[in-house]
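The block underneath contains the structure these notes are about, expressed in structure tokens.
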Amino acid sequence: MSATETVPAADRPVRGPGPRILVVEGALRDNGGLRVSHDLARRWQAAGARVRFLVLETVAPTVPLLQPDPGLDVRFASGKVRRFRSAVVPVVLGALRHARRADVVVSGSEVGYNLLVGWAAARVTRTPFVVLVQNSLPRAVAAWTPAALRPLLSAVHRRVDAAVCVSPGLVEEVRRAGLPADRIHTAAIGIDVEATLQRVRDAGGPVRSASGRTRLVAAGRLAEQKGFDVLLDAVARVVAAGRDVELVLVGAGPLREVLQRQVAELGLGEHVELAGHVADPQPLLAGADLFVLSSRYEGNGSLVLLEALAHGVPVVATDCPTGPRYVLRDGEVGDLVPVEDPQALADAVLRHLDDPEPLRRKAQLGPARARDFDQGPAAEEVARVLRSVHRRGRRG
């Protein structure tokens with residue numbers, strides 16, 4: 001389905017006893033945060049809530065797009081393929097129209113035009129407003145928000161009716177932003193574990209290395225946050241130590257050409273595959289000999305980390321704010337290394353190559369730990385927050 005097509009059943013919202021929830025997203029560019037809000041919306045609707053998924057910006061299908069559940073009531077604020085800035089008036093008017101029909105408005109992320117437009121529409125219509133905080137607040141603001149908009153974004157963060165953090169490590173950042181503690185909640189939002197495992201079974205099993213090399217897998221948006229430049233430096237050190245490894249790096253993003261040049265400069269052409277966007281990376285993840293998370297910061301430790309744990313794959317992750325240490329139970333379920341330290345990352349890989357049993361034993365705990373973040377209980381927890389906010393009404 002393209003972003004301009006009408007979603008089936010869009011004019012027949014699901015009826016039920018639950019509140020009317022308007023989820024506001026910027027666009028359908030496929031990423032972990034969007035998948036979280038989409039899955040929550042789908043689960044709320046299945047539980048009886050009346051959910052509408054409002055997408056502010058329609059983008060051309062030249063980038064990977066999320067394909068919404070056909071049963072979800074998805075609306076596009078702009079029917080034409082155009083950027084938000086060129087459609088701001090109809091987008092804002094559309095958001096107001098939808099907000100008037102809602103009992104609570106939810107922004108799927110802590111930054112972006114969806115946060116600002118959703119909050120403004122909620123305030124004008126006197127509808128309670130809730131934000132999902134899926135990333136480190138100050139780092140996300142610095143990375144994704146133009147300097148001119150940061151004061152306005154900070155004002156919104158102080159005034160939402162509730163913030164739901166995807167990991168406990170985000171709570172203090174939200175409190176420091178000025179939101180009262182009684183408006184801050186947490187929910188262990190993660191993945192649909194059974195669906196993740198089923199996709200591998202449907203594909204015929206894990207995809208393993210055909211070269212006989214030890215295969216490292218990393219995945220995520222090719223952006224500064226993910227630290228893939230550090231990972232490539234670490235792989236170069238592992239290869240220089242005489243180890244025959246290969247890295248499959250799954251993902252698309254603005255730094256692809258930069259990373260390609262780095263691969264060439266480090267002489268890693270035979271050892272690194274920039275696989276680009278992969279529609280279903282689960283078989284690749286399940287077939288990895290080692291999953292590596294090299295991020296500079298995260299929210300809940302990253303969904304792909306949880307997916308690797310669900311498959312029982314050994315894990316090495318940076319001890320970055322705010323999730324990996326929490327997800328890996330202080331190193332009980334996988335190894336932690338310092339952020340932006342390629343030698344420490346290389347040493348962790350080399351230790352695993354020398355003796356894989358310690359990490360394999362830790363990996364046996366991975367599937368159970370991933371189920372601690374199963375999306376079902378998380379959706380119920382966030383729904384309780386939404387009901388509470390709806391009953392209490394807007395607090396200004």
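The values are calculated or read from the model by the stated rules, or taken from the named source; none is laboratory data. This is a predicted model, so every value here is computed, not measured. Positions of Cβ are generated from backbone atoms using ideal geometry, with glycine treated the same way; all protein chains shown enter the neighbour counts. Just so you know, the surface numbers come from the protein's heavy atoms only, side chains and all, with ligands and any DNA or RNA stripped out. Shrake-Rupley method; radii C 1.70, N 1.55, O 1.52, S 1.80 Å.
Pairs meeting the criteria (first residue in segment 350-365 and within 12 Å of ASP335 (Cβ to Cβ) and of a type in the set (S, T, N, Q), second residue modelled with pLDDT of 95 or more and buried (at least 16 other Cβ atoms within 10 Å of the Cβ), beta carbons under 8 Å, at least 6 apart or on different chains) are lacking. Of all residues in segment 161-187, those being under 21 Å from the mean Cα position of the chain (by Cα) and not hydroxyl-bearing (Ser, Thr, Tyr) number 15. With respect to the conditions (1) surrounded by 24 or more Cβ atoms within 10 Å (Cβ to Cβ); (2) out of contact with any helix residue (DSSP H, G or I) (no Cβ under 7 Å at 6 or more places or on another chain); (3) of a type in the set (Val, Ile, Thr), THR58 falls short on a single one, namely (1). Restricting attention to segment 5-30, and to residues there that are assigned to a loop (DSSP other than H, G, I, E, B) and open to solvent by 70 Å² or more (accessible area, probe 1.4 Å), which single residue is modelled with the highest pLDDT? Looking at the filtered set, the residue picked out is PRO17. Taking the criterion of being touching a residue at least 60 places away in the same chain (Cβ under 8 Å) and either of a type in the set (Gly, Ala, Ser) or open to solvent by 30 Å² or more (accessible area, probe 1.4 Å) (or both), the residues of segment 87-115 that qualify are ALA95, ALA99, ARG101, ALA102, SER107, GLY108, SER109, GLY112, TYR113.
Results for (1) of a type in the set (Phe, Trp, Tyr); (2) modelled with pLDDT of 95 or more; (3) closer than 16 Å to ARG150 by Cβ, shown as yes or no for each residue.
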residue	(1), (2), (3)
VAL88	no, no, no
VAL105	no, yes, no
LEU115	no, yes, yes
GLY118	no, yes, no
ARG123	no, yes, no
ARG126	no, yes, no
VAL130	no, yes, no
SER136	no, no, yes
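Those residues that are closer than 16 Å to ALA218 by Cα, open to solvent by 40 Å² or more (accessible area, probe 1.4 Å) and free of Cβ contacts under 8 Å to residues at least 60 places away in the same chain, I need them from segment 267-277; list them, please. Working first, answer last.
Taking segment 267-277 and keeping what is closer than 16 Å to ALA218 by Cα, we get 268, 271-277.
Cutting the leftovers down to open to solvent by 40 Å² or more (accessible area, probe 1.4 Å) gives us 273, 277.
Scanning segment 267-277 gives a single hit, GLU273.
Restricting the first member to segment 157-168 and to residues that are without any contact (Cβ under 8 Å) to a residue 24 or more places away in the chain, and the second to residues that are open to solvent by less than 10 Å² (accessible area, probe 1.4 Å) and not charged (D, E, K, R), the beta-carbon pairs closer than 8 Å and six or more apart or on different chains are ARG158/LEU179. One residue stands out among those in segment 337-376 that are open to solvent by 40 Å² or more (accessible area, probe 1.4 Å) and of a type in the set (A, V, I, L, M, F, W, C): the one that is nearest to PHE228 (Cα to Cα), which is VAL339. Residues that are under 24 Å from the mean Cα position of the chain (by Cα), open to solvent by 10 Å² or more (accessible area, probe 1.4 Å), among the aromatic types (Phe, Trp, Tyr) and under 24 Å from ARG52 (Cβ atoms) occur at least once in segment 116-128.
For segment 156-173, what are the residues that are open to solvent by 10 Å² or more (accessible area, probe 1.4 Å) and either within 23 Å of ARG384 (Cβ to Cβ) or at pLDDT below 95 (or both)? Steps first, answer last, please.
Within segment 156-173, the first condition is being open to solvent by 10 Å² or more (accessible area, probe 1.4 Å), and the residues that meet it are 157-159, 168-169, 171-173.
If the condition is that a residue be open to solvent by 10 Å² or more (accessible area, probe 1.4 Å) and either within 23 Å of ARG384 (Cβ to Cβ) or at pLDDT below 95 (or both), then HIS157, ARG159, PRO168, GLY169, VAL171, GLU172, GLU173 are the ones that fit.
Which one of these is more than 20 Å from GLU246 (Cα to Cα), in contact with a strand residue (DSSP E or B) (Cβ under 9 Å, 6 or more places away or on another chain) and part of a helix (DSSP H, G or I): ALA348, ALA370?
Details: ALA348 fails: more than 20 Å from GLU246 (Cα to Cα).
Answer to the selection: ALA370.
Checked against (1) more than 20 Å from GLY287 (Cα to Cα); (2) at pLDDT 95 or above; (3) of a type outside the set (Gly, Ala, Ser); (4) within 25 Å of the chain's Cα centre (by Cα), GLN262 passes all but a single condition, namely (4). Of the helices (runs of 4 or more DSSP H) lying entirely inside segment 278-340, those containing at least 2 residues that are out of contact with any Gly (no Cβ under 7 Å at 6 or more places or on another chain) and either over 21 Å from VAL248 (Cβ atoms) or not aromatic (Phe, Trp, Tyr) (or both) are 282-286, 303-310.
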